[in-house]
Amino acid sequence: MDPILHTVIALATIYISYKVGTRMRAKAEIEKYTEFLEQQGFVCIEQMKDGSYEFIKHWKRQEQN
């Protein structure tokens, strides 16, 4: 294999893994932050029947209780 081709393939693989890692990390941080807000009582998050999530404001949660 040509050394230049090998270098290009190696760099492309490293770049792709870097992008995937940063995207996964950002998703984990958003989930951690929303869990914190829910624990503190600022928002209420409910899972819908189709698997998606819905944010409910704090005052609606208090009305239900």
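Rule-based calculations on the coordinates, nothing more; no lab input. Remember, predicted model here, so these are calculated numbers, not experimental data. Quick reminder, even Gly has a Cβ in these numbers, built from the backbone with ideal geometry, and neighbours come from all protein chains shown.
Here are a few things to note about the model shown:
- Considering only alpha-carbon pairs that sit under 8 angstrom and 6 or more positions apart, the relative contact order computed for the chain is 17 percent.
- The amide H of Val43, built 1.01 Å from its N in the peptide plane, has Glu38 as neighbours under 5 Å, considering only residues 5 or more places off or on other chains.
- Fewest neighbouring Cβ atoms within 10 Å first, the residues Leu37, Leu11 line up as Leu11, Leu37.
- Using alpha-carbon coordinates, inclination of helix 3-40 to the longest axis of the chain, degrees: 10
- Taking semi-axes √(5λ) of the Cα gyration tensor in Å as calculated from this structure, the corresponding entry among (1) 19, 13, 10; (2) 31, 12, 10; (3) 45, 12, 5 is (3).
- Residue-averaged [θ]222 nm for the chain, counting only DSSP H segments that reach four residues, each worth -39500 (n - 2.57): -24000 deg cm²/dmol
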